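Comments concern the structure below.
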Amino acid sequence: MRYAVFLLLFVWGIGSISAQVVYSQEDSVRFEAKIQELKSIRATHLGDSIVTIGKTFLGTSYVEKTLEVGETEQLVINLRGLDCTTFVENVIAFGTLVKSEKYAFENFTNALQTVRYRDGMLNGYPSRLHYFTDWIRNNAQKGLVKDITNELGGEMVSKPINFMGTHRKLYPFLASDENHNAILAVEAELAEEELCILQQRKNV
């Protein structure tokens, strides 16, 4: 059995952005509680901050497809349930607030949009970084993360990335031909580049 892992280092530096934001009253309450909790963080270095922020989400439910809201792509804030990617996105976004000591909700939404969307711009469903491979590369280009897999002995492999394009019916927003064609274009671009992964073989 093989395990593919991308290892990242996080770096902060997010600008000002505006977008239509969707969140519930409970999310607002959770945000304020989270801010009060994070204001007490006095980590000695970045890694400690990431770990500490991550731990504040212990007990949060794992929930899929929390971003599939409404009929058009919007910046969704959901602190009630997270999947793997939205967990990382929220840790980074809250981390920027801790680093800058700017705890306004607008600072948080700006940070989250920057991390979640290609080049930090929310421009419809295809602009979201759906594939984590794409997420890593784009956020590395923004200077928000550093992929250190190669430095740790990772191997370059080729792998087709086409799940969304070939499973269109699983994604309501892909009912639109425009969105579907845009995702196919993203997949084609990703397929042109090799992936650097760490592989571990285990006897099963």
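Nothing in this text is a laboratory measurement; each read-out follows from the coordinates by a stated rule. Bear in mind that the values here come from a model prediction, so they are computed numbers and not experimental data. Cβ placement follows ideal geometry from the backbone for every residue including glycine, while neighbour counts extend to all protein chains displayed.
Please work out if T72 is in contact (Cβ under 8 Å) with a residue 24 or more places away in the chain and over 15 Å from the mean Cα position of the chain (by Cα).
On the way: in contact (Cβ under 8 Å) with a residue 24 or more places away in the chain: yes; over 15 Å from the mean Cα position of the chain (by Cα): yes.
The answer is yes for T72.
Matching residues to (1) touching a His at 6+ places or on another chain (Cβ under 8 Å); (2) assigned to a helix (DSSP H, G or I):
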position	(1), (2)
G95	no, yes
V98	no, yes
N123	no, no
N139	no, yes
G143	no, no
K146	no, no
M164	yes, yes
V186	yes, yes
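Scan segment 173-181 and give yes if some residue there is within 23 Å of L82 (Cα to Cα), in a helix (DSSP H, G or I) and over 18 Å from the mean Cα position of the chain (by Cα), otherwise no. So that I can check it myself, show each step before the final result.
In the first step, residues of segment 173-181 are kept if they are within 23 Å of L82 (Cα to Cα); the result is 173-174.
With in a helix (DSSP H, G or I) added as a condition, the list becomes 173-174.
Of the ones still in play, those that are also over 18 Å from the mean Cα position of the chain (by Cα) are 173-174.
The answer is yes; a qualifying residue exists.
Could you list, ordered by first residue, the pairs with Cβ atoms under 9 Å in which the first is in segment 87-104 and touching a residue at least 40 places away in the same chain (Cβ under 8 Å) and the second is charged (D, E, K, R) and in a loop (DSSP other than H, G, I, E, B), at least 6 apart or interchain?
T96/K102; V98/K39; Y103/K39
Kindly indicate the residue of segment 79-127 that is touching a helix residue (DSSP H, G or I) at 6+ places or on another chain (Cβ under 6 Å) and of a type in the set (G, A, S) and also surrounded by the fewest Cβ atoms within 10 Å (Cβ to Cβ) among those meeting that condition.
That would be S127.
Looking at L170, L129, L112, can you tell me which residue is without any contact (Cβ under 8 Å) to a residue 12 or more places away in the chain and not hydroxyl-bearing (S, T, Y)? Give the steps one after another, and end with the answer.
Values: L129 fails: without any contact (Cβ under 8 Å) to a residue 12 or more places away in the chain; L112 fails: without any contact (Cβ under 8 Å) to a residue 12 or more places away in the chain.
Exactly one residue qualifies, and that residue is L170.
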